[in-house]
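The values are calculated or read from the model by the stated rules, or taken from the named source; none is laboratory data. The structure displayed is predicted, hence computed values, not measured ones. Cβ atoms come from the backbone with ideal geometry, glycine included; neighbour counts cover every protein chain shown. Quick note on the areas: whole protein, heavy atoms, side chains included, nothing else; ligands and nucleic acids left out. Shrake-Rupley method; radii C 1.70, N 1.55, O 1.52, S 1.80 Å.
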Amino acid sequence: MKKLLKILFSPRTTLGLLVIFAIAMAVATFIENAYDTTTAKLLVYNAKWFEALMILMILNFIGSIQRYHLMSWKRISGFIFHTAFIIIIIGAGVTRYIGYEGRMAIREGASSNF
């Protein structure tokens, strides 16, 4: 168990997860350009593997904070950096499950407030 946690919280795993995340986002962008937004959502953004990737990233960042003792004043910048990523990913999850999406067509020169 200790060896598994050591692998999960290693910088190499962090780099691997971030590279996979970047590649997934790039592929989703190309899919969106080639097809449409709905296709990109179905294949990447709303996929379970993408959620699992983000959960692994959160666990990795939390483990890195604990492993490298970033909760001290000497290492506050590293703590803020890792915590920012955690907050961004949690915010994305909240937006996905609690938020809603809408569309509004506004013609040129027109205005609307509803």
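Below are the figures for this structure:
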{"read-out": "Kirkwood Rh, Cα atoms: Rg over Rh of the chain", "value": "1.11"}
{"read-out": "Carbon + sulfur, % of accessible area of the chain - ligands and nucleic acids excluded, 1.4 Å", "value": "69"}
{"read-out": "Estimated vicinal HN-Hα couplings, Hz - the range 25-32 in sequence order (Karplus 6.51, -1.76, 1.60; Gly, Pro = x)", "value": "5, 5, 4, 4, 5, 5, 4, 5"}
{"read-out": "FRET efficiency, His69 to Leu4 (Cβ-Cβ, R0 25 Å, nearest 0.05)", "value": "0.75"}
{"read-out": "Whole-angstrom gap from the range 1-69 to the range 81-98, using each part's C-alpha centre", "value": "13"}
{"read-out": "Protection proxy ranking of 35-41, 51-57 - average other beta-carbon atoms within 10 Å, highest first", "value": "51-57, 35-41"}
{"read-out": "Accessible area per residue in Å² at 1.4 Å probe, computed on the range 17-73", "value": "64"}
{"read-out": "Sorted largest first, extent of the range 62-114 alpha carbons per principal axis (Å)", "value": "55, 23, 13"}
{"read-out": "3J(HN,Hα) from dihedral phi, the range 46-58, Karplus parametrisation 6.51/-1.76/1.60, rounded to Hz, x for glycine, proline", "value": "9, 7, 5, 5, 5, 5, 4, 4, 5, 5, 4, 5, 4"}
{"read-out": "Simple label model, 7 Å out from Cα along Cβ direction - Ala84 to Ile20, nm", "value": "2.5"}
{"read-out": "Asn46 paired with Ile58, simple spin-label distance in nm, labels 7 Å along Cα-to-beta-carbon", "value": "2.0"}
{"read-out": "Theoretical ellipticity at 222 nm over the chain - DSSP helices of four or more residues, -39500 (n - 2.57) apiece, nearest 500", "value": "-22500 deg cm²/dmol"}
{"read-out": "Whole-Hz couplings from phi, Karplus 6.51/-1.76/1.60, listed for the range 82-92; x for Gly and Pro", "value": "5, 5, 4, 4, 4, 5, 4, 5, 5, x, 5"}
{"read-out": "Cα-based convex hull, the range 4-65, per residue volume (Å³, whole number)", "value": "67"}
